[in-house]
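A.B. asks: First, the structure itself, so that you have it in front of you.
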Amino acid sequence: MGALAWLLGGAAAFFALLDGWYFLRMPVLVIYARWVLPTVFDLLQEQSFQSRVLLSDLDFLRHMNNARYPREADLARSVHLTRCGLFRAIRALGGHTVLAASSCRFRRSLQFLEPFQIRTQVLGWDERAFFLEQRFVSRKDGFICAVLLVRQHVVGATPEKAVQVLCGRKVESPELPEEVHYWMKYIEASSRRLRAESDLLLDSKDH
């Protein structure tokens, strides 16, 4: 009984203090993508990740909580990058990836128990990051309920080298869509403003 109590207490603490399902699902999904799902050889091919709105995903309005979208997108993106081999290529170069920016646009709510899929696609890359689009598509009627743009930075390597390792040759990035260019300009403008604010703060401390 003592061991069972400790086990139940540990499980309760795991789910109460941490996002337990995320920490359980992520490694399981990555292992499943690596060893069970077929490899996707086309880097730019769209991949689908199936899911459903559960009780734990709901907010007070009884639809999927806005905070759940980036979490589910994170899972789908990890599966995507595992299946196409980018994770392995980046690790082979001694690097890793970090999420540098994301933006979500909501078009329609996902309701309780509604099945949906996340369609993830690599749009292109620059000298520092890969750009991906992730669409939340209702499986009831095919409506695109939300769209995420993601900037996934490569640390310790470069996207160009990772693609070269993956493809065995140098590959140029496709032209990024117009909305990605506008989004990048917003990020750059925001960075300039924040750096300027930091410089002013440092100057005021010096005086």
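A.B. asks: Based solely on its DSSP helices, what 222 nm [θ] is calculated for the chain when runs of n ≥ 4 H residues each add -39,500 (n - 2.57) and the sum is averaged over all residues, nearest 500 deg cm²/dmol?
C.D. replies: After summing the helix terms and dividing by the residues of the chain, the value is -15000 deg cm²/dmol.
A.B. asks: What dipole magnitude, in Debye to the nearest 20, does the stretch 64-157 give about its Cα centre under +1 on Lys/Arg Cβ and -1 on Asp/Glu Cβ?
C.D. replies: 160 debye
A.B. asks: Now for a separate question. With a cap of 14 neighbouring Cβ atoms within 10 Å, and only residues DSSP puts in a loop, list the chymotrypsin sites (Phe, Trp or Tyr not before Pro) found in the stretch 1-101.
C.D. replies: F41, F60
A.B. asks: How big is the chain on each of its three principal axes, counting only the C-alpha atoms and giving the largest first in Å?
C.D. replies: 59, 55, 41
A.B. asks: Just going by the charge dipole of the stretch 1-60, with Lys and Arg at +1 and Asp and Glu at -1 on Cβ, which of P38, P27, A3 is farthest out on the positive end?
C.D. replies: A3
A.B. asks: What trypsin sites (Lys or Arg not before Pro) does the stretch 24-128 have in DSSP loop regions with at most 14 other beta carbons within 10 Å?
C.D. replies: R62, R107, R108, R128
A.B. asks: Now a separate question. Which value in nm describes the separation of the simple spin-label points at A16 and R193, placed 7 Å from the Cα toward the beta carbon?
C.D. replies: 4.2 nm
A.B. asks: How many nm separate the modelled label positions at N65 and V155, each set 7 Å beyond the Cα in the direction of the Cβ?
C.D. replies: According to this spin-label approximation, the distance is 2.6 nm.
A.B. asks: If the reach is capped at under 17 angstrom between alpha carbons, list the aspartates and glutamates near K140, excluding any in the same chain fewer than eight residues apart.
C.D. replies: Partners within reach: E114.
A.B. asks: Also, I was wondering about something else. Quick check: pseudo-label points 7 Å beyond the Cα along Cα→Cβ at L58 and R107, how many nm apart are they?
C.D. replies: Result: 2.6 nm between the two label points.
Bear in mind that the values in this text are calculations on the coordinates, not laboratory data. All values derive from a computational prediction rather than experimental measurement. Cβ: placed from backbone, ideal geometry, glycine included. Neighbour counts: every protein chain shown.
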